[in-house]
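Chemist: A single structure is presented below for examination.
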Amino acid sequence: MLRRKRKDLGGIPTASMSDVAFLLLVFFLSTTKFDIKKGLGIVLPAASDGTQKKVKLKDENLTKIWIDQDGNITMKSGDVERAVPMIELQKIINKIVTENPDMVISLKTDRKSKYQYMVKALDKLQAAGAEKISLSTN
Amino acid sequence: MAKIKKSARPETAIPTASMSDIAFLLLLFFMVSTVFVSEKGIPVRMPKAKSIEKIPRNHSATIYVNKNGTISIDDFVVSIPDVKYVMQKKLAEDFNVLTCFRTDKDTNYGIMSDILNQLREAQTLRVYFEAKLER
């Protein structure tokens, strides 16, 4: 009479499980790139199709800021025109905006100017609490 | 004189039984948080700014502009007049689309101004200028 051999109980070896886990862990650790985007937000005005009425701004509600190609800033508020260093821009704009919350800041950047000057100025304007900002170029 | 007998130091051992639990926990965390970046873009050096806010990722369309004025959207190089059509298509796909600029800090502003005008014509008006946090 043949006697059947006892079957081995099948089992998944768990000794190397942590090795596998660590391998996967290292893979995800090295491939993960936290892609958090941060930036300065602004809403553009819609393109004019000629049907909209142009609103004329009063001079006292408009502050013009020019950035020339070397990053120098000139500011015109009312009739006063003056050069402003980048460091003081935030302080000055903050003062203007708290005095007149309706103030529109027009940021005009030279076409040959560098993008970083515009971003820096926009950063200062937003930090100063200016909400009505218009971007333009010559 | 009484001898002071030093008590035998207990053997220290790090318990390794829960190591795989920790490994799996970390593994799950990284698996869940990993986002495989779908576009390569073009290398740019972004400007720095302080008052930056987080850009919602799920609605953003990224426009890369490098300092030579090359514009890349979804890894396709596009010319300035084509930006309008590409963005109109994006707007049709997602009504809440917002444009995210990854522009090199030395790019001429003229190019950016032209692109902004294209965006205005495409009616994609929410724009973010991506920047690094200045410390």
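The values are calculated or read from the model by the stated rules, or taken from the named source; none is laboratory data. What you see is a predicted model; the values in this text were computed from it and never measured. Here the Cβ positions follow ideal geometry from the backbone for every residue, glycine too, while neighbour counts run over all protein chains shown.
Chemist: Return yes when residue B:60 is hydroxyl-bearing (Ser, Thr, Tyr), under 17 Å from the mean Cα position of the chain (by Cα) and more than 11 Å from chain A (Cβ to nearest Cβ) and no when it is not.
Modeler: Numbers: hydroxyl-bearing (Ser, Thr, Tyr): yes; under 17 Å from the mean Cα position of the chain (by Cα): yes; more than 11 Å from chain A (Cβ to nearest Cβ): no.
For residue B:60, the condition - hydroxyl-bearing (Ser, Thr, Tyr), under 17 Å from the mean Cα position of the chain (by Cα) and more than 11 Å from chain A (Cβ to nearest Cβ) - is not met.
Chemist: Could you grab me the full set of residues in segment B:90-110 that are surrounded by 13 or more Cβ atoms within 10 Å (Cβ to Cβ) and part of a helix (DSSP H, G or I)?
Modeler: Within segment B:90-110, B:90, B:91, B:109, B:110 meet the criteria.
Chemist: Only one of B:47, B:15, B:10 is surrounded by 13 or more Cβ atoms within 10 Å (Cβ to Cβ) and either over 18 Å from residue A:43 (Cα atoms) or at pLDDT 85 or above (or both). Can you tell me which?
Modeler: Values: B:15 fails: surrounded by 13 or more Cβ atoms within 10 Å (Cβ to Cβ); B:10 fails: surrounded by 13 or more Cβ atoms within 10 Å (Cβ to Cβ).
Just a single option satisfies the conditions, and that option is B:47.
Chemist: Among the strands (runs of 3 or more DSSP E) confined wholly to segment A:58-138, which include 2 or more residues that are among the polar types (S, T, N, Q), under 21 Å from residue A:40 (Cβ atoms) and within 14 Å of chain B (Cβ to nearest Cβ)?
Modeler: Details: elements: A:62-67, A:73-77, A:80-84, A:104-109, A:133-137.
So the answer is A:104-109, A:133-137.
Chemist: Within segment B:112-127, how many residues turn out to be more than 7 Å from chain A (Cβ to nearest Cβ), crowded, with 20+ Cβ neighbours inside 10 Å and assigned to a helix (DSSP H, G or I)?
Modeler: Start the filter on segment B:112-127 by keeping residues that are more than 7 Å from chain A (Cβ to nearest Cβ), which leaves B:114-115, B:117-118, B:122, B:124.
Within this subset, residues satisfying the condition of being crowded, with 20+ Cβ neighbours inside 10 Å are B:115, B:118, B:122, B:124.
Pick out the ones that are also assigned to a helix (DSSP H, G or I) and you get B:115, B:118, B:122.
Selection size over segment B:112-127: 3.
Chemist: Consider segment A:69-90. How many of its residues are crowded, with 16+ Cβ neighbours inside 10 Å and in contact (Cβ under 8 Å) with a residue 40 or more places away in the chain?
Modeler: Qualifying residue count, segment A:69-90: 2.
Chemist: Just to verify a result, which residue in segment A:91-110, among those that are surrounded by 14 or more Cβ atoms within 10 Å (Cβ to Cβ) and in contact (Cβ under 8 Å) with a residue 40 or more places away in the chain, is farthest from residue B:109 (Cα to Cα)? If you could, list the steps in order and put the result at the bottom.
Modeler: The first filter runs over segment A:91-110 and keeps only residues surrounded by 14 or more Cβ atoms within 10 Å (Cβ to Cβ), leaving A:92-94, A:96-97, A:103-110.
Those still in the list that are in contact (Cβ under 8 Å) with a residue 40 or more places away in the chain too: A:103-110.
On the way: A:103: 24, A:104: 21, A:105: 18, A:106: 15, A:107: 12, A:108: 10, A:109: 7, A:110: 7 Å.
Looking at the filtered set, the residue picked out is A:103.
Chemist: Yes or no: segment A:34-56 includes at least one residue that is part of a helix (DSSP H, G or I), more than 18 Å from the chain's Cα centre (by Cα), surrounded by 14 or more Cβ atoms within 10 Å (Cβ to Cβ) and not acidic (Asp, Glu).
Modeler: No, every residue in segment A:34-56 fails to be part of a helix (DSSP H, G or I), more than 18 Å from the chain's Cα centre (by Cα), surrounded by 14 or more Cβ atoms within 10 Å (Cβ to Cβ) and not acidic (Asp, Glu).
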